[in-house]
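Chemist: The structure's right below; bear with me while I get my questions together.
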Amino acid sequence: MQVTSLPLREGVIVNCANAQWRIVWIEGFDRVLAERVVDNRREYLSIADLKVVEWPANPPAQTADVETSPPISPATSTYAVRLKQRQLRVQPVEHDLSDAQKQASVSTSDEFQFAQTVLAAPRQDRRKLIAEMAERFGYSTPSAYRRLKILQQSNSADALHRSVRADVGVKRLPKEVFGLIDEYLRKYRFVETPKSMREVTELLNGKCRELGLSEISQSTIYNIEQRTPLKNRLQLQGRKNQVRDQYRPKAGHLPGNDYPLAIVQVDHTPCQICFVDEIDRQPIGDAWLTIVIDTYSRMILGYYVTFEAPSTLSTGMALAHAFLPKEKYLRDLGVSGEWPCWGFPDLIHVDNGGDLNGRMMHGARRKYRFNIRNRPVGGPNFGGHVESAFRTFMFEIKSLPGTKFSNPTERAEYDSEGRAVMTLAEFDRLFADFLVNDYHLDEHSGDGMNKMTPLQRWRKGIFEGDVMPPRGLPERPIEELSLRLSLMPFEMRTVRQGQVKILGEEYYSGALTLLSDSIDLTKPLSDRKFEVRYDPRNISKIWLYDDSTSAYIEVPFADLRKSPISKWENDARKRRRGNPAEEFKEERYQSKIRRLEMVEESVKKTKQTRREIEKATRRERTALVQPPPAPKPSVGTQVKKQGLDPTRLARLKSLVREAPVPNDILEGIHKDDT
C-alpha cells in the first residue's frame with residue numbers, strides 16, 4: 001500500500017519503537033496516549049516518533065471469529081495485477097465541476113474517510129464496519145471489499161473514482177484512416193487560414209466515401225487534432241505573436257532596477273466609475289487615471305485624473321506631480337499622511353503612444369536629464385509594475401458606488417449612473433488617501449519586495465541601500481511653475497510686432513515688442529521660431545520661452561475683452577460657429593470644373609490646328625510636283641504711304657489747344673541760350 005500520510009485519531013494503529021500501539025487519546029500537538037497491542041500497556045508517545053504500520057503482504061491465518069480474506073486464486077491474482085496497473089483519473093478543480101460532480105465528489109470524500117476508519121479498525125471489528133459501509137454507500141459487500149483493496153493499493157480519494165481506461169491512447173482507427181486525418185489536418189487546419197472543424201469533417205468524410213471507408217465523427221477528428229500541442233498548432237497557423245506572449249519566459253529581473261528612481265513607468269487606464277458634476281450632482285461619465293510608479297519600491301510617485309482622453313497634458317501633469325514634493329498637495333486636499341517622493345528619475349519606461357513619447361516628453365528629457373525608453377512592441381510584460389498597480393486600484397474602485405465593474409457581464413443589472421455619487425474632486429481626495437495610508441503601507445510580494453511595504457523599501461533604498469549603495473535624497477525641484485510649464489504641450493511659432501498667433505487666437509505683450517525688434521529677418525524661418533507653451537484647460541495665456549534669458553514670458557490675449565476659456569470649449573465654439581463660406585462650396589466647385597473644361601478645349605483646338613499645319617507641310621514636302629513659290633513683291637511696285645492733306649492737317653491743329661509751358665522750363669531754356 002502506498003502511504004502518503006499518517007492518520008492521527010483515536011483507534012488508529014501506529015508504530016513506535018518497533019512496536020504497534022493503538023491511539024487512545026490525543027493530548028495536543030506534541031504527544032498522544034496509546035496502548036501497546038500485545039499487552040495493552042498504556043504510555044504517552046511523542047507524535048514526532050510515530051510511524052505508519054507496514055502490514056505484511058500475506059497476513060498470518062486468523063482465528064475462526066475473525067474476518068478472513070478470500071483464498072488466493074488465479075482470478076484473485078489477476079485482479080491484483082490489474083490493481084497495480086490501474087491508472088487514477090485526475091479530477092478537475094472544484095470551480096470547473098458541475099453541481100452533480102460536486103455532490104459526487106463530496107460523497108467520495110465521505111466514503112474515503114469511512115474506508116480509512118475501516119482499515120484502521122481491528123480485524124475482528126471489520127465485518128460489521130464493511131457491512132455498514134456497503135449499506136451506507138449503496139453497493140454490495142464484495143464491492144466494499146474490492147474498494148478497500150483499491151485504497152490499500154492507492155491511498156487516495158481519487159482512487160475511488162472511475163479509473164482511466166486501460167486502452168486509452170491506443171489507436172483503434174485503421175492506419176489509412178488515421179493517415180488521411182493527419183493529411184487533412186495539415187492541409188486545412190494547420191495553415192494560416194484554417195477551415196472550421198465542420199468543413200474539415202465534411203471534406204474528410206467525402207474522401208472516405210470515395211475510398212470505401214467508414215465515415216469519421218467530428219469529435220474523433222477533434223481529439224486527434226488535440227494530440228498536436230497548442231504551441232505547434234499556433235506556429236503552423238502563423239500566430240507568432242500569440243506564441244511569444246503565451247510561451248515566452250517572462251521570469252527575471254528588470255535590468256537596472258536596483259535603487260529608487262532608477263526606472264519609473266507611466267501609463268493610463270479608465271477609472272471604471274461614473275462621476276457626477278459639482279453643481280447638480282448629475283452623472284457625467286467616467287474619467288481617465290494616469291499614474292507614475294517607481295519600479296524599485298512600487299511607490300506611486302504621482303498621478304492625474306481627468307475627463308479627457310489620454311493626451312500630452314495628462315502625461316505632463318502626472319509627471320509634474322511625480323517630480324514635485326507632495327506636502328502642499330496633501331495639505332490642500334486635507335489628507336494626513338506621509339508621501340516623501342520627489343525628484344527626477346534616471347529612466348522613464350513608456351509604451352509607444354504619441355502622448356507618452358512625443359515632443360513634450362523629449363523636450364523635458366533634455367532639460368531635466370532623464371532618458372526615455374519604449375517597451376518592446378508586443379511585450380506587455382515589460383510594463384508589469386504599472387499594470388499590476390492598475391489591477392489593485394480597479395479592485396478597490398469596484399467597491400465604490402457608481403462603479404462600472406470590469407465588463408458588462410460582471411456589472412449585470414447594476415445601475416452605474418443611477419448610483420453615482422462622487423465628483424472628480426472627491427475621488428481625487430479619496431484616491432490620495434488610499435495611496436498614502438493604504439497602498440504605500442501594504443506589504444508587496446513582487447520581485448525584491450520580500451513582504452515589505454512600498455514606503456519601507458523606498459526608505460531602504462534612499463538611506464540604507466539594497467543591491468546598490470544608498471541613493472541618498474534626490475534633488476528637490478524649486479521652480480514649480482517652470483517645471484509645470486516645461487511639461488505642457490507646446491508649438492513653435494514666430495513673433496511679429498509683439499504678437500504670437502497660436503490655437504487660432506492672437507496674443508500680445510509689450511515684452512515681446514523688444515524681442516520681435518531684435519529678430520534678424522534674414523535668418524531662415526526655422527531659426528526665427530520660439531517655443532510657445534499653453535495650458536489646454538485655460539488658453540487665455542500662453543508662455544513663450546526666451547533662449548537668451550532662459551525664462552518664460554507670459555503673454556495674454558491680444559483682445560483683453562475675451563474671457564478665459566479652455567481649448568476644448570474654444571474648439572467646440574468654432575465648430576458651432578461653422579464656416580459661412582460653405583454655402584458657396586458647390587458653386588465654386590462647378591466653376592472650377594468649367595474652367596478646367598475651357599482649358600482642355602483650348603488645348604484640343606491648339607493641338608488640332610498644329611496637327612493640320614504639320615500635315616499640310618508634310619504633304620507639300622513629300623509631293624512629286626512642288627508648288628511654285630509665292631511671288632515676292634518688287635521694290636518698284638511697293639505702295640508708298642501718303643501723308644495727310646495740308647488743309648486737313650491745319651484744320652486739326654486749330655482744334656487742339658497748346659499746353660502752357662512751365663516757367664521753370666522757360667527759365668532753363670533761356671539760361672541754356674545764354
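The values are calculated or read from the model by the stated rules, or taken from the named source; none is laboratory data. Fair warning: this is a prediction, and the values are worked out from it, not measured in the lab. Using ideal geometry, Cβ is built from the backbone for each residue, glycine included, and neighbour counts are taken over all protein chains shown.
Chemist: Please determine, by comparing only the residues of segment 300-345 that are within 24 Å of the chain's Cα centre (by Cα) and surrounded by fewer than 17 Cβ atoms within 10 Å (Cβ to Cβ), which one is nearest to Cys274 (Cα to Cα).
Modeler: Taking the candidates together, the pick is Phe307.
Chemist: Name the helices (runs of 4 or more DSSP H) wholly within segment 122-215 that hold at least 1 residues that are within 30 Å of Leu234 (Cβ to Cβ)?
Modeler: Output list reads 175-188, 197-211.
Chemist: Any residue in segment 393-406 that is over 17 Å from Pro283 (Cα atoms) sitting within a Cβ distance under 9 Å of a residue that is outside any helix (DSSP H, G or I) and acidic (Asp, Glu)? List the pairs, counting only those 6 or more apart or interchain.
Modeler: Sorted first by the residue in segment 393-406, then by its partner, the pairs are Glu396/Asp438.
Chemist: In addition: Counting only residues that are modelled with pLDDT of 80 or more and among the small types (Gly, Ala, Ser), which one in segment 487-534 is nearest to the chain's Cα centre (by Cα)?
Modeler: Gly504
Chemist: Would you pick out the residues in segment 564-589 that are among the acidic types (Asp, Glu) and more than 44 Å from the chain's Cα centre (by Cα)?
Modeler: Glu583, Glu586, Glu587 - these are the residues of segment 564-589 that are among the acidic types (Asp, Glu) and more than 44 Å from the chain's Cα centre (by Cα).
Chemist: In segment 439-453, which residues are touching a residue at least 60 places away in the same chain (Cβ under 8 Å), under 17 Å from Val467 (Cβ atoms) and either of a type outside the set (D, E, K, R) or outside any loop (DSSP other than H, G, I, E, B) (or both)?
Modeler: Matches in segment 439-453: His444, Gly446, Gly448, Met449.
Chemist: Just give me the residues in segment 293-350 being assigned to a loop (DSSP other than H, G, I, E, B), under 25 Å from Pro270 (Cβ atoms) and modelled with pLDDT of 85 or more, in sequence order.
Modeler: Residues satisfying the conditions are Thr295, Arg298, Met299, Lys326, Val335, Trp339, Cys341.
Chemist: Check Val495 against each of (1) free of Cβ contacts under 8 Å to residues at least 40 places away in the same chain; (2) assigned by TED's automatic domain parsing to the domain that holds Asn570; (3) touching a helix residue (DSSP H, G or I) at 6+ places or on another chain (Cβ under 6 Å) and name the one condition it does not meet.
Modeler: Among (1) free of Cβ contacts under 8 Å to residues at least 40 places away in the same chain; (2) assigned by TED's automatic domain parsing to the domain that holds Asn570; (3) touching a helix residue (DSSP H, G or I) at 6+ places or on another chain (Cβ under 6 Å), Val495 violates only (1).
The rows are residues; the columns are (1) closer than 30 Å to Val386 by Cβ; (2) charged (D, E, K, R); (3) surrounded by 15 or more Cβ atoms within 10 Å (Cβ to Cβ).
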position: Pro477; (1), (2), (3): yes, no, yes
position: Ile502; (1), (2), (3): no, no, yes
position: Thr513; (1), (2), (3): no, no, no
position: Tyr552; (1), (2), (3): no, no, yes
